[in-house]
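Written below as structure tokens is the structure these notes are about.
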Amino acid sequence: MLSSEGVFFLTGKDFKNAGAASSSLKGILEGMGIPAATIRRVAIAAFEAEMNTIIYAVAGMMNYFITPEMIKIRIQDMGPGIPDIDQAMKEGYSTAPDYIREMGFGSGMGLPNIKRNADALTVNSIVGEGTTVEFFINLTPCD
Amino acid sequence: MLLRDIRELLDAVVLAREQDMGMEIERAYCADLMSDVLAFSISNSLLITGLTNTQVIRTAEVATIKAIVFIQNKRPDILTISLADEKKIPLLVTNFSMFDTCGLLFEKGLRSCSDLEF
């Protein structure tokens, strides 16, 4: 399998295109012959991170790095930042406004869902500057 | 259970991918919270929801949902239908409530995405 890397740019509040980057990433992974179960994990985690950027930030970018051993996704945003990351990692904790909940998101499952699907996750955030979410998914030999 | 049997049982209207009614459905998940769909559904299941925006289609795509049933005659807009068509995800709409939709399908043998045995 060849390696690949690239970037998608995300625009805050652009709900019409929310999810398009994760969809494109899914297509790239399918084209590389990665197993469907692994693609599903990557796509779900990437989609949650993408939605967080669209919901909370002014803008952001999603970088992906694919090697024969692993997939690394890094989402950096220019958003309000997360004051308490431990609290944000708890299922059900959310600061999303009602109109986001009406879209089916903002239920406090974003970061927990990323963690659930990733083999490793790091979240770094500076209040007033933005948040960087980076996760890895291993491509084991049996994959 | 075939998707065409689900259509008949729910007296549903097909909004997208009429040609896919021969598809086999073995599991179903119902929610209006898309993060719950992402967390708890399984691959190749049917999604039953009252939410009709484009995020439902995006969620279905990344969670590899096979088809979607909208309940209580809630109809998505043309952009959502077009996206579903592009992503090859059949859309159905029924007049039944969420509870009745799930009950009818359960009665006919369709089961949830959990491991519970009934």
Notebook entry, point to check: Given the structure, is residue B:83 touching a residue at least 40 places away in the same chain (Cβ under 8 Å) and out of contact with any Cys (no Cβ under 7 Å at 6 or more places or on another chain)?
Noted result: no
Note to self: Which pairs turn up if I take residues in the stretch A:91-115 that are among the β-branched types (Val, Ile, Thr) and look for partners that are not in a loop (DSSP other than H, G, I, E, B) with beta carbon separation below 7 Å, at least 6 apart in sequence or on another chain?
What the structure shows: A:100/A:55; A:114/A:45; A:114/A:48; A:114/A:49; A:114/A:121; A:114/A:133; A:114/A:135
Check: So how many residues does the stretch B:19-32 have that are without any contact (Cβ under 8 Å) to a residue 40 or more places away in the chain and either part of a strand (DSSP E or B) or surrounded by fewer than 20 Cβ atoms within 10 Å (Cβ to Cβ) (or both)?
Finding: 4
Notebook entry, point to check: Got at least one residue in the stretch B:90-105 being in a strand (DSSP E or B) and touching a helix residue (DSSP H, G or I) at 6+ places or on another chain (Cβ under 8 Å)?
Noted result: yes
Checklist line | Pairs, first assigned to a helix (DSSP H, G or I) in the stretch A:55-75, second of a type outside the set (A, V, I, L, M, F, W, C), C-beta under 6 Å, six or more apart | finding: A:56/A:79
Notebook entry, point to check: Taking the stretch A:40-87 as the region of interest, how many residues are within 10 Å of residue A:10 (Cβ to Cβ), more than 10 Å from the chain's Cα centre (by Cα) and of a type in the set (Gly, Ala, Ser)?
Noted result: 3
Next item on the list: Would you check which residues across the stretch B:84-94 are over 15 Å from residue A:27 (Cα atoms), within 14 Å of another protein chain (Cβ to nearest Cβ) and surrounded by fewer than 23 Cβ atoms within 10 Å (Cβ to Cβ) and list them?
Entry: B:89
Checklist line | Residue identified as within 14 Å of another protein chain (Cβ to nearest Cβ), farther than 18 Å from residue B:54 by Cα, at pLDDT 95 or above and surrounded by 15 or more Cβ atoms within 10 Å (Cβ to Cβ) among A:26, A:115, A:72 | finding: A:115
Notebook entry, point to check: residue B:3 passes all but one of (1) over 27 Å from residue A:52 (Cα atoms); (2) out of contact with any Asp or Glu (no Cβ under 9 Å at 6 or more places or on another chain); (3) among the hydrophobic types (A, V, I, L, M, F, W, C); (4) crowded, with 21+ Cβ neighbours inside 10 Å; which number fails?
Noted result: (2)
Note to self: Could you tell me how many of the residues in the stretch B:60-76 are in contact (Cβ under 8 Å) with a residue 24 or more places away in the chain, facing chain A (nearest Cβ under 7 Å) and within 13 Å of the chain's Cα centre (by Cα)?
What the structure shows: 2
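The values are calculated or read from the model by the stated rules, or taken from the named source; none is laboratory data. Please read these numbers as outputs of a predicted model, since none were measured by experiment. FYI the Cβ positions are ideal-geometry reconstructions off the backbone, even for glycines, and counts take in every protein chain you see.
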